[in-house]
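First the structure, in the form of structure tokens, and then the observations on it.
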Amino acid sequence: MHGWVAHLRAGGTTPWLAWTDPSTDPGSDPTSGGRALPGAQQLELLRRINLALESSARPRGDHDHLRTRLADRVLAAPAAGRGKADLPLVGAASGGFGAQPVDPATVSAHELLRVASTLLADDLVALGPDPVRRGVPRPWRRRFRLVGDPVVATAAREHLLGRGRPEGGPRPFVVAVGGPLDELLAHTWTQRCFEHGSRPWADWLRFWRERDQLPARADLDDSIHRWGGRRPYVRVVTDLAQLPEHLGVRRLPEVRVSGADQAELARRISAVVGIRVPVGERPALMRTLQKRMPDSGVAPVVVPPTEHDWVASSAARTTRALTRAGYPVVGDLADLAPRAPGLTGLSRHGGADDRQVLDLAIRMIVDTGWRAGRERSVER
């Protein structure tokens with residue numbers, strides 16, 4: 001069994017049940033000499049990483065020692081979050097208690113992600129946050145406070161900060177960015193994954209539906225009240241093409257909405273980052289990850305059909321509240337009605353399948369380009 005571990009550490013890809021060569025030099029195997037075998041999760045993740053490295057056709061030589069270092073990191077990485085302890089290999093000596101031995105090839109993507117998220121979180125902490133661009137504040141700038149859609153608001157806020165137009169100031173206009181409520185909920189969960197983390201998408205939706213409430217950033221009326229918005233100093237914007245005008249600029253960068261697999265992987269990484277750094281440092285690190293994470297082409301999360309009735313009734317309630325308040329609207333409050341897109345390429349609960357998330361995680365472990373150079377500027 002130590003021979004198979006050494007085989008994987010050297011870049012091998014043979015599955016455990018297909019392994020037939022028991023001859024291995026004990027001196028070359030760091031797990032021999034009385035040390036316990038790594039868990040099935042770590043071993044199977046390493047085998048899949050080796051498969052990805054093999055298909056990437058990277059040159060050998062200088063990359064051999066990097067491959068060995070990566071293998072040692074994978075074999076030593078703990079499995080984060082809730083789940084099973086390190087699983088023993090089927091056929092290995094067992095003490096008769098604890099987890100049942102398993103074939104590593106049958107370990108679920110969820111279990112492999114527990115190890116992968118630990119590796120990526122350590123990489124992110126080692127990378128550190130990207131610097132935030134801050135332009136010289138312009139005294140004649142329009143004062144504003146952005147609320148509503150957190151994906152749009154975060155991108156606009158950072159762009160304006162870099163141009164010397166920071167948020168806030170005396171008597172600012174409260175600009176509430178709205179849109180179809182199902183999209184607003186999806187954006188709220190997605191952005192939270194890239195800040196402080198969150199529950200899984202389906203659990204998060206269920207939490208709010210059972211309380212018949214909206215999360216703070218998706219509740220436009222409550223957001224306006226929270227910032228003390230008064231009628232002459234409030235704009236509810238549902239037509240994003242007109243948003244720049246109400247922020248005092250000619251244009252804003254195109255908004256990039258992270259895919260469902262990116263958000264779910266970020267959610268898992270965030271949980272580990274929260275243990276590695278003080279709570280106040282986590283959002284900057286996660287925002288760095290959001291900008292640098294490679295795009296896999298998976299669609300953003302969507303609200304599943306089982307939640308459509310609740311979302312529709314919540315949108316109608318929000319529309320009535322904003323109408324009663326009489327706030328100026330840029331666009332049409334009818335745009336708050338959910339669009340109910342399909343689940344193409346996503347799981348039945350509207351999020352990413354664990355296998356999609358694992359593919360992205362392995363890609364980021366193998367290809368370290370996201371950790372090098374300046375932040376990505378490509379927008380979707």
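The values are calculated or read from the model by the stated rules, or taken from the named source; none is laboratory data. Just so it is clear, the model here is predicted, and its values are computed rather than measured. Cβ sites come from the backbone with ideal geometry, for glycine too, and all protein chains shown count toward neighbours. Each accessible area value is taken on the protein alone, full model and side chains, heavy atoms only, with ligands, DNA and RNA left out. Shrake-Rupley method; radii C 1.70, N 1.55, O 1.52, S 1.80 Å.
What to note about this one:
- Condition check for residue 136: among the aliphatic types (A, V, I, L, M), under 21 Å from residue 252 (Cα atoms) and either under 15 Å from the mean Cα position of the chain (by Cα) or surrounded by fewer than 15 Cβ atoms within 10 Å (Cβ to Cβ) (or both): yes
- With respect to (1) open to solvent by less than 50 Å² (accessible area, probe 1.4 Å); (2) part of a loop (DSSP other than H, G, I, E, B); (3) within 28 Å of residue 306 (Cα to Cα); (4) not aromatic (Phe, Trp, Tyr), the lone exception for residue 82 is condition (1).
- Residue selected from the range 97-128 under the condition of a type outside the set (S, T, N, Q) and part of a loop (DSSP other than H, G, I, E, B), by the criterion surrounded by the most Cβ atoms within 10 Å (Cβ to Cβ): 107
- The requirement of being more than 15 Å from the chain's Cα centre (by Cα), surrounded by fewer than 19 Cβ atoms within 10 Å (Cβ to Cβ) and touching a residue at least 12 places away in the same chain (Cβ under 8 Å) is fulfilled somewhere in the range 280-302, by at least one residue.
- The number of residues in the range 329-342 being in contact with a helix residue (DSSP H, G or I) (Cβ under 8 Å, 6 or more places away or on another chain) and part of a loop (DSSP other than H, G, I, E, B) comes to 6.
- Looking across 267, 320, one residue alone is part of a helix (DSSP H, G or I) and surrounded by fewer than 16 Cβ atoms within 10 Å (Cβ to Cβ). It is 320.
- In the condition set (1) touching a Pro at 6+ places or on another chain (Cβ under 7 Å); (2) at pLDDT 95 or above; (3) open to solvent by less than 50 Å² (accessible area, probe 1.4 Å), residue 335 is compliant with all but (3).
- Here the condition is being assigned to a loop (DSSP other than H, G, I, E, B) and at pLDDT below 75; of 14, 20, 24, it holds for 24 alone.
- Scanning the range 139-155 for residues that are small (Gly, Ala, Ser) and farther than 17 Å from residue 248 by Cβ yields a single hit, 148.
- Residue in the range 154-172 that is at pLDDT 95 or above and in a loop (DSSP other than H, G, I, E, B) present: no
- Subset of the range 173-206 [open to solvent by 50 Å² or more (accessible area, probe 1.4 Å) and hydrophobic (A, V, I, L, M, F, W, C)]: 173
- Number of the exception - residue 308 against (1) crowded, with 18+ Cβ neighbours inside 10 Å; (2) touching a residue at least 60 places away in the same chain (Cβ under 8 Å): (1)
- Boolean, residue 35 is at pLDDT below 90, charged (D, E, K, R) and open to solvent by 20 Å² or more (accessible area, probe 1.4 Å): yes
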